[in-house]
1. Please arrange B:Val199, B:Val189 by counting, for each residue, the other beta carbons lying within 10 Å of its beta carbon, fewest first.
2. Would you mind getting me the FRET efficiency between B:Asp145 and A:Ala115? Use the beta-carbon distance for r and R0 = 41 Å, nearest 0.05.
3. Average partner chain C-beta neighbours within 10 Å, per residue of B:117-124?
4. To make sure I understand, if each residue's beta carbon is the centre and we count other beta carbons within 10 Å, what order do B:Asp149, A:Asp129 fall in, fewest to most?
5. What translational diffusion coefficient, in µm²/s and rounded to a whole number, does the Stokes-Einstein relation yield for segment A:1-145 at 20 °C and a viscosity of 1.002 mPa s, taking the hydrodynamic radius as the Kirkwood radius over Cα pairs?
6. Take every residue in peptide A:166-178, count the Cβ atoms of other chains within 10 Å of its Cβ, and give the average of those counts.
7. Within segment A:94-204, what percent of beta bridges assigned by DSSP are antiparallel, to the nearest 5?
8. Long-range amide H contacts for B:Gly69: which residues qualify at under 5 Å (H placed 1.01 Å from N, peptide plane, sequence gap of 5 or more or a different chain)?
There are 2 protein chains.
Amino acid sequence: MTSRQNRQRDRAGRGIPEATVARLPVYLRALTGLQERGVATVSSEELAAAAGVNSAKLRKDLSHLGSYGTRGVGYEVEYLVYQISRELGLTQDWVVAIIGVGNLGRALAGYGGFASRGFRVAGLLDADDSIVGQDIAGMTVGHIDRLEDIIADHGVSIAVIATPAGAAQGVCDRVVAAGVTSVLNFAPVVLTVPDGVDVRKVDLSIELQILAFHEQRKAGGPDGLASLAGGDGPPGTKQYVETVVEA
Amino acid sequence: MTSRQNRQRDRAGRGIPEATVARLPVYLRALTGLQERGVATVSSEELAAAAGVNSAKLRKDLSHLGSYGTRGVGYEVEYLVYQISRELGLTQDWVVAIIGVGNLGRALAGYGGFASRGFRVAGLLDADDSIVGQDIAGMTVGHIDRLEDIIADHGVSIAVIATPAGAAQGVCDRVVAAGVTSVLNFAPVVLTVPDGVDVRKVDLSIELQILAFHEQRKAGGPDGLASLAGGDGPPGTKQYVETVVEA
DNA sequence: ATGTGTGAACTATTTCACAGCC
DNA sequence: GGCTGTGAAATAGTTCACACAT
C-alpha cells in the first residue's frame, strides 16, 4: 500500500500528468527542428501541427510547465527548448548501460539519439563469449560478469535490457540490486521490479498486434479478400492459431 | 471533420476500448506462457499477476470480448488464447515489409516474434546499393525501387519503416499510395498520413526521456549528487543544452 | 487583432465492491 | 466458498470556448 501517494501531486508546477510527460519529448524534437531552420517564435497552432497533436492539447500541456508563452505572439523557440529540457531532466547527463548485444543491442549502441540528448552509454555487456571483446560503435563489449562493476564505477542510472526473453528478469534483478532505478526493456516479458523502480517497455510484437487489430476492422482481410459480408463469423469453426515460442 | 465517428462504437461487443486493445497482446503472451507449462485454467488473479496488471482491470478488459470465464473457476487457457487471437486478428496472416535495413532493420528482420504471431515478412528493402543484395535472416534485400511491386505482389498491409529520419516521410507517402493502411514507424519523426491510415511509433529516444523525467524526481541527480536542497533553481542561470541533430 | 492560459464540459479509463453463478 | 462479470464511483485525460494580456 506504500508509494501510492507519489506521482501526481497538487496543481500546476509539480505533478505533471503522465500523458503530458510522454508528449514533451515530441514537442522538444519539433522545436529543435524549428531551431535548426532558424525559426525564433512559434504559435501553439504551428508547433502542434509539427508535433502531430491539436493546439488545445499543446497549450494545456505547456501550461503545466508554467507560462512560457506570450499572448498574441506565441512561444520563443529557444526558451521553450530549454524549459522542456530542464523539465525532462535533460540538462544533466544520464549514464546508460546496454545489456545484450545481439542485433537489437547493436542497433541501440549505434543509435545517434543517445548522445544527442545527454544519454551517455557507459557499457555494452553480453554473456556470449563470441561477442565479448568485439568493438561496436566505438566501444568494446564487456562480459556480463562485470555488470555490477560497470554500474558502480560509471554511476549508471538507466539500464537498457536487450537480451533474449529468458535472460531478462535475471539481468533486471541484478541491475536493480546494483542500484539502477530505471529500466528500458526490449525483451518480450513482463519484468517484476520493487517499488520505486521504473520500467518502460518497447515491444515490436505488441505494436504489430495492435496494428493488426485495427487493420482487421478496415473492410476485409489483409488482401481485401474474405469477410465482405457484415458478420464476424461464428466462433468455433476456425482452427486455433498460436503454436510457437517467444524470443 | 470526417471520420471522427469511427473507433469506439456502442457498448460491449464491438468497440473495444483502445487501452484494452493495447493490453490484449500482453495477456496473450502470458497465456501462451502458461500453455507451454501445461496450465489448463487460470484465475483472473493469476493471469493478471503474470501480465503485470491488477485483476479488476483484467476482468473488465476480458469482459469487452465476451463472457469467456467460468464463475468460481476461472478461464480456460486454450479457449482464451483463441478468443484473444481472433479479436486481435491473429487468426489470419498479415504481410509485412521492412523498409530500411540498417542495424535496426536487421534486428527487426531477425526478430522471432514476427513469424510466431502470424506476421510474414514479404520483403526487406533499402536504398543503399551496398546493402541491396545482401542476405539477411534468410531473405535477400531488395532495392527500394521495387517497393510498389512488392506491396502489390505480396499484398503487404503493414509497412515497418526503419529508415533514417529524413527518408521516413517519403517512404511513408509511397507505401500509403501503394495501398498500405498500417505503418509501424521507428524513425524519429512525426509521420503525416491521410485519414484511415494507422501509424504507431516506436521511439527509443522518447522512452529514455520519459525515464529521465521520473529518474530526476527520485531524490538527487544521476549519481546522487546535486540538487539536494529543496528548490528547483531559477531559470536563466544554466547553460542551454541541445545542440545536435536527429538521425 | 491575435494567440495564450485556463476554467468548465466532456470523454476515457481505472478501481471499487458486490450480486450472481458455479 | 470462490471467482467472474459488471454497474457505479473515482480518477485521468481531452476538447471547448473565451477572458485577458500583449
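Please treat every number below as a calculation from the coordinates, not as lab data. From a predicted model like this one, the values you see are computed outputs, not experimental measurements. Quick reminder, even Gly has a Cβ in these numbers, built from the backbone with ideal geometry, and neighbours come from all protein chains shown.
1. B:Val199, B:Val189
2. On the way: r = 33 Å, r/R0 = 0.81.
Plugging the Cβ-Cβ distance into 1/(1 + (r/R0)^6) gives 0.80.
3. 3
4. A:Asp129, B:Asp149
5. Translational D for this selection: 121 µm²/s.
6. Working: counts 0, 0, 0, 0, 0, 0, 0, 0, 0, 0, 0, 0, 0.
The per-residue average across the peptide is 0.
7. Bridges in segment A:94-204 are about 10 percent antiparallel.
8. none
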